[in-house]
1. In terms of the ratio Rg/(2.2 N^0.38 Å) built on C-alpha atoms, what value belongs to the chain?
2. Sum up the lysine pairs in the chain that clear both bars: alpha-carbon distance under 19 Å and a spacing of 8 or more or different chains.
3. Where both residues lie in the stretch 87-173, what percent of DSSP beta bridges are antiparallel, nearest 5?
4. Summing Lys, Arg as +1 and Asp, Glu as -1, what charge do residues with Cβ under 14 Å from the Cβ of Glu19 carry, Glu19 excluded?
5. Enter the Cα centre distance for the pair the stretch 15-89 and the stretch 141-181, rounded to the nearest angstrom.
6. Of Thr13, Thr125, which has the most accessible area and how do the rest follow, probe 1.4 Å?
7. Under the Karplus relation 6.51 cos²θ - 1.76 cosθ + 1.60, θ = phi - 60°, what is the ordered set of whole-Hz ³J(HN,Hα) values for the stretch 85-90, x standing for Gly and Pro?
8. Let me spell out the model: positive unit charges on the Cβ of Lys and Arg, negative unit charges on the Cβ of Asp and Glu, origin at the Cα centre of the stretch 8-178. What dipole size does that give, in debye rounded to 20?
Amino acid sequence: MPKLNGKKVAVLTENGFEEVELTKPVEALRDAGAEVHIISPQKNKVKAWNHDHWSIELPVDKALDDANPEDYDALLLPGGVLNPDQLRTNQRAVDFARHFLEYGKPLAAICHGPQLLIETGMISTRTLTSYPSVRTDLVNAGALWQDKEVVVDNGLVTSRSPDDIPAFNKKLLEEIAEGRHATTGQYTQHD
């Protein structure tokens with residue numbers, strides 16, 4: 001497992017994130033030594049969804065309005081149906097995510113999480129995956145969609161569902177350990 005001591009990772013989320021898509025990657029990041037901050041438009045707590053019902057609440061480390069993406073080495077976008085749908089209509093959230101794409105910083109999104117990336121206008125020609133119901137939206141935004149448990153495209157890590165979390169976490173840690181990627185506009189896929 002790569003060591004991520006000294007790395008700071010932002011987790012951008014709203015109420016309605018799929019619980020394991022935040023908690024399991026955050027656990028892996030912390031186990032690898034990363035400092036992780038939950039960032040949200042919510043001020044104090046953010047509430048999880050677990051399959052078909054509301055579940056745990058987690059403390060928000062930093063309100064989105066007070067968070068600076070330049071302070072972070074990587075970004076994690078958990079899925080859930082409600083969470084990315086709310087974030088994609090929040091311009092501050094879109095701008096926060098766009099920073100990581102613009103500067104080639106590792107960005108990992110799982111399940112419905114890639115929906116937010118559509119709003120950045122920066123996924124055309126990028127290769128990624130998502131929950132199947134988001135496929136058409138991503139393809140219409142110019143993305144190259146693949147039905148694989150994890151897809152890595154120049155620091156952009158995506159997965160389809162909670163079943164893919166082990167592969168997602170492995171690639172997430174690897175990409176953060178590698179650090180920034182070239183931002184020449186030429187994106188290459190590697191596994």
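1. Taking N as the residue count of the chain, the ratio is 0.90.
2. 25
3. Once the DSSP bridges in the stretch 87-173 are tallied, antiparallel ones form about 40 percent.
4. -3
5. The two parts, judged by their Cα centres, are 17 Å apart.
6. The ordering from most to least exposed comes out as Thr125, Thr13.
7. Running phi through 6.51 cos²θ - 1.76 cosθ + 1.60 with θ = phi - 60° gives 5, 6, 5, 5, 9, 9 Hz.
8. It comes to approximately 180 debye.
The values are calculated or read from the model by the stated rules, or taken from the named source; none is laboratory data. Source: prediction; values computed, not measured. Note that each Cβ is placed from the backbone with ideal geometry, even for glycine, and that neighbours are counted across all protein chains shown. These area figures cover heavy atoms from the full protein model, side chains too; ligands, DNA and RNA do not enter into them. Shrake-Rupley method; radii C 1.70, N 1.55, O 1.52, S 1.80 Å.
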